[in-house]
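Asker: Sending over a structure as structure tokens; questions will come in a sec.
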Amino acid sequence: MKRPKKVAILTSGGDAPGMNAAIRGAVRAALNKGWEVYGIRDGFRGLVEGNDMIFPLDWVDVSWNFREGGTFLGSARCPELKETTAQSKELKEKALMNLYRHSITDLVLVGGDGSLTGGYALFSLLHNREYSNPEFKHMKLSLVGIPGSIDNDIAYTDMSIGVDTTLNTIVECIDRLRDTATSHRRIIIVEVMGRRRGYLAVMSGLATGADRIFIREEGVSPGELNTMLCVLQKSFQQGQKAGIIVRAEGAPLSTAFLTETIAVLLEPKREVRETVLGHLQRGGNPTVFERTLATRMGVRAIQLLDTISPEPQLVGLNAKKISSAHLVKSLTKMQTPAFQEGLSANTKTALHLSRKLEMPPEEKSRSMRVGLLTDGTNVSGMNMAIRAVARLALNRGIAVKGIKGGFSGLSKGQESIVHLQWSMLEMKSILRRAGTLLGVSSSGFTLDEKGYGTLKKQVKQLKIDGLIVIGNTAAYRAAHRLSSLMSTPVVGVPAASHCNLPATDWVIGMDSTLNDLLKGIDRAADAAHVKRQIFIVHLKGEFCNCLVKLVALAGGAEQLLIDENAADSAGQHAFQEKVRNSTDALKKMIALGKTFGVIVFYSRHPETADQTIQFITQSLRTAGITLDTTIVPLETSLGGITPTAFDRILAKRLGEKALETVLEKIAARDYSFHIVGIKGKELVVPLYKESIDFGTAVCSSALEKELERCFNLMAQPSELCIGMGGNVHWTATNNETRWQGKWTCKTCGHTQTFFFNPKKMLCLYCESVNCHNYGYIRISRRL
Ligand code: F6P
């Protein structure tokens, strides 16, 4: 039998939200393999120091904190490790010695480029036999890095851990700053983090409609300051009240210099203020994307350590897939001038788009007219798409006829038309307002052949040269039918709270919906924990399995139940079996000391969902679970959610693509119905009728299977799991001996340290006395 490995995990460099979820992913994946896991406190400092800084980690140590920002292991910067001095070598040898003493053979390192370089230096010292201590020749070490840095400055990954949450935090801060800037008609310079990379500045600037963005990679072009003053001047002339300039901390022109320049040179004068967001940006609970990305990366790190590759690896994200690359390849790429000086493709596109969107148009006569309507569900991000289409069209000398009330509005003709002007769209608060300022069809509105005839007539009478429809499946169907009747090009933009739209990996509104649901699950978990109950969170809405699995994984649910095929008797039987297995698993966890539970339930058969829930609660009772059960219905908020950074950016990119496409189709007299979407990293514009049969890309079976695997690993310890009935070294407890270790109170679930006698413990939180010699006790050392 293969000897269980001993793996250690450390977080290093600047902390990033999601690091705790990565630790949990790696810890639980390793425990489930029967490996022993050690945590290292305070990054490499702790590794060099040894002693109590290296300590055993078990299942319960990572139960709760994955919902929180920062890193519970602690972090530190340790640039000395990268050096080639004698002192650096000494530190590395101390670190190796501490790993050797604990017989640790595998290391997972979560951190930015500096930390990864330090980790690689440690690895190289051992593998190149450059050490002075001969004992190390028996030592083995495998290393896997997980990119953790809010700056998104690591090669071979699209995103590193911390970026999505930080971006959302910055966007929220800028929204707030805009409120006060608007009230006083001021300009605010916002400085965001990113010493070497302007990713955060560019993406947050695009998401919030900043007037100008300054980043290090762009340097300072000669006309830059004049352009900035000109944008501000023109925007104010158009009625804009506030100015927002986003500057990355590494940009060459300092915040103070920009403040001074604007205050002195801008005419007419405006008050200028500056805000440095600083470390505020790095905290906060991780988003759905963050938690799932981090968990997937943690799990992959352990899989990589379980393979035989002797080369250190780096886990990454490539479009939707978790990837891996040789760590050294990534480190080498990060040293190249092209990487250090250049803008990533994504950043470049976003920067150009932001500049086009915020540059007020020249007065032009507008002979071409594009119609724009939103329909279906009112979701977050639609306003952003409207603004993008309208502003980019106006800049190109095209008039935009906004149609109020979706297709029902269009059927009424002229009375529903609003001419979208730059000044109306300067209302940057619409950027963050949920839903659509144009509205959707009135409820009960249906379209028959006659109705489509009316729409066709109205499009002609309104002299619309091309139509853009932003909406869900129903809106797409109507747009398809209408386009087949007329000689006017139509382009669809996907916006819905779920993902059943063709030809796109992501839909405007989905990320906001998922994060809203996550807040609900987090609240349920909190309440379940406090009340010591089982909460069944009933997700209501239209979701594919992938999305349900994403939120269940991000929310840390103990069980996930989807009644897929409950309509037929075989399907019902299979579902009932799954419920029984789940309740048994939950019972086992409760016997081991778990005091609460969250079950995420999603029904494909809403008409029988209540009965199914009754069956689940009955099964809990039959299994002998005595904890009370609370049912929490969780609905998507009908669009009333402030859009996330991701939804804002996606809406703008898809809006731009839709406009380009409709103009090309007008020029080519192509009257077929195309839809825009995003596949992997590319924007695509397939024909609608050729896309409907392929289903949705979000629910790719590979992703769904991976999410399910991760969910199972995180939710339930396997038989092999140390500390959970597997290979438990603490069973040798002895009243006579003094011990130190950890235990989890059976009554309130808090984990705490004990000294001396692990058989009788007083909980510091609920003051109950727990007497047991099993459960969540872990002896870490003899005193
Ligand atoms: O590397 C991440 C980062 O947050 C940078 O954006 C920022 O410049 C730096 O860390 C701040 O470092 P510290 O927290 O050590 O002051």
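The values are calculated or read from the model by the stated rules, or taken from the named source; none is laboratory data. Remember, it's a predicted structure, so these values are computed and weren't measured experimentally. All Cβ positions, even for glycine, are placed from backbone atoms using ideal geometry, and neighbour counts span all protein chains on display.
Asker: So which of Leu277, Leu229 is within 16 Å of the ligand (Cβ to nearest atom), at pLDDT 95 or above and within 20 Å of Gly205 (Cβ to Cβ)? Steps first, please.
Answerer: Numbers: Leu229 fails: within 16 Å of the ligand (Cβ to nearest atom).
None of the others qualify; the one that does is Leu277.
Every residue, every condition in (1) surrounded by fewer than 21 Cβ atoms within 10 Å (Cβ to Cβ); (2) away from the ligand (no atom under 16 Å from the Cβ); (3) farther than 30 Å from Gly69 by Cα; (4) of a type outside the set (Gly, Ala, Ser), yes or no:
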{"residue": "Val220", "(1), (2), (3), (4)": "yes, yes, yes, yes"}
{"residue": "Gln238", "(1), (2), (3), (4)": "yes, yes, yes, yes"}
{"residue": "Ile244", "(1), (2), (3), (4)": "no, yes, no, yes"}
{"residue": "Ile262", "(1), (2), (3), (4)": "no, yes, yes, yes"}
{"residue": "Leu266", "(1), (2), (3), (4)": "yes, yes, yes, yes"}
{"residue": "Gly284", "(1), (2), (3), (4)": "yes, no, no, no"}
{"residue": "Gln303", "(1), (2), (3), (4)": "yes, yes, no, yes"}
{"residue": "Ser309", "(1), (2), (3), (4)": "yes, yes, yes, no"}
{"residue": "Gly316", "(1), (2), (3), (4)": "no, yes, no, no"}
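Asker: Do any residues in segment 370-385 that are at positive phi and surrounded by 24 or more Cβ atoms within 10 Å (Cβ to Cβ) have Cβ atoms under 6 Å from those of residues that are aliphatic (A, V, I, L, M) and assigned to a strand (DSSP E or B), where the two are at least six apart or on different chains, and which pairs are they?
Answerer: Pairs found: Gly381/Ile508.
Conditions tested, residue by residue: (1) in a strand (DSSP E or B); (2) at pLDDT 90 or above; (3) over 27 Å from the mean Cα position of the chain (by Cα).
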position	(1), (2), (3)
Glu311	no, yes, yes
Leu331	no, yes, no
His352	no, yes, no
Gly371	yes, yes, yes
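Asker: Follow-up. Go over the candidates Leu116, Leu99, Leu109, Leu167 one by one and state the one that is modelled with pLDDT of 95 or more, of a type outside the set (S, T, N, Q) and away from the ligand (no atom under 16 Å from the Cβ).
Answerer: On the way: Leu116 fails: away from the ligand (no atom under 16 Å from the Cβ); Leu109 fails: away from the ligand (no atom under 16 Å from the Cβ); Leu167 fails: away from the ligand (no atom under 16 Å from the Cβ).
The unique qualifying residue is Leu99.
Asker: Please work out which one of (1) surrounded by 23 or more Cβ atoms within 10 Å (Cβ to Cβ); (2) more than 16 Å from the ligand (Cβ to nearest atom) is the condition Ile215 fails and give its number.
Answerer: Single failed check for Ile215: (2).
Asker: Kindly state which strands (runs of 3 or more DSSP E) lie completely within segment 1-100 and contain at least 2 residues that are in contact with a Leu (Cβ under 9 Å, 6 or more places away or on another chain). Outline the logic, then answer.
Answerer: On the way: elements: 6-11, 36-40, 54-56.
Qualifying strands (runs of 3 or more DSSP E): 6-11, 36-40.
Asker: Going by the conditions given, is Ala16 out of contact with any Phe, Trp or Tyr (no Cβ under 9 Å at 6 or more places or on another chain), under 21 Å from His279 (Cβ atoms) and crowded, with 23+ Cβ neighbours inside 10 Å?
Answerer: So Ala16 passes the test.
Asker: Then there is this: Filter segment 72-124 down to the residues that are within 32 Å of the chain's Cα centre (by Cα) and of a type in the set (S, T, N, Q) and list them by number.
Answerer: Ser75, Thr105, Ser115, Thr117, listed by residue number.
Asker: Something else now. Kindly provide the set of residues from segment 569-585 that are of a type in the set (A, V, I, L, M) and either farther than 15 Å from Phe615 by Cβ or free of Cβ contacts under 8 Å to residues at least 12 places away in the same chain (or both), ordered by number.
Answerer: Across segment 569-585, the qualifying residues are Ala570, Ala574, Ala585.
Asker: Which of (1) assigned to a loop (DSSP other than H, G, I, E, B); (2) within 16 Å of the ligand (Cβ to nearest atom); (3) surrounded by fewer than 20 Cβ atoms within 10 Å (Cβ to Cβ) does Cys173 not meet, given it meets every other one?
Answerer: Single failed check for Cys173: (1).
Asker: If the Cβ limit is 7 Å and pairs must be 6+ apart or interchain, which residue in segment 336-362 that is of a type in the set (D, E, K, R) pairs with which residue that is surrounded by 14 or more Cβ atoms within 10 Å (Cβ to Cβ) and part of a helix (DSSP H, G or I)?
Answerer: Once the first residue is of a type in the set (D, E, K, R) and sits in segment 336-362, its partners that are surrounded by 14 or more Cβ atoms within 10 Å (Cβ to Cβ) and part of a helix (DSSP H, G or I) give Glu341/Glu217; Lys356/Leu392; Lys356/Asn395; Glu358/Val231.
Asker: Would you check if there is a residue in segment 181-200 being within 14 Å of the ligand (Cβ to nearest atom), assigned to a helix (DSSP H, G or I) and within 23 Å of the chain's Cα centre (by Cα)?
Answerer: Checked against the condition, which is being within 14 Å of the ligand (Cβ to nearest atom), assigned to a helix (DSSP H, G or I) and within 23 Å of the chain's Cα centre (by Cα), segment 181-200 yields at least one hit.
Asker: OK, next. Determine the pairs where a residue that is without any contact (Cβ under 8 Å) to a residue 60 or more places away in the chain and over 14 Å from Gly316 (Cβ atoms), located within segment 99-114, has a partner that is part of a strand (DSSP E or B) and away from the ligand (no atom under 15 Å from the Cβ) with Cβ atoms under 9 Å apart, the partner being 6 or more residues away or on another chain.
Answerer: Arg101/Ile54
Asker: Right, next: Being among the charged types (D, E, K, R) and either part of a loop (DSSP other than H, G, I, E, B) or within 15 Å of the ligand (Cβ to nearest atom) (or both) is the filter here, so list the residues in segment 135-163 that pass it.
Answerer: Lys140, Asp151, Asp153, Asp158
Asker: Then there is this: Evaluate the following for Gly198: is it closer than 20 Å to Ser344 by Cβ and surrounded by fewer than 16 Cβ atoms within 10 Å (Cβ to Cβ)?
Answerer: On the way: closer than 20 Å to Ser344 by Cβ: yes; surrounded by fewer than 16 Cβ atoms within 10 Å (Cβ to Cβ): no.
Answer is no for this residue.
Asker: Here is a check on your reading of the model: is Gly50 surrounded by fewer than 23 Cβ atoms within 10 Å (Cβ to Cβ) and over 24 Å from Ser124 (Cβ atoms)?
Answerer: So Gly50 fails the test.
Asker: Output the qualifying pairs, or none if there are none: Cβ atoms under 7 angstrom, residues six or more apart or on different chains, first residue in segment 29-45 and farther than 18 Å from Lys94 by Cβ, second residue among the basic types (Lys, Arg) and not in a strand (DSSP E or B).
Answerer: Pairs found: Trp35/Lys5.
Asker: In segment 45-87, how many residues are within 16 Å of the ligand (Cβ to nearest atom) and over 30 Å from Ile521 (Cβ atoms)?
Answerer: Of the residues in that region, 8 qualify.
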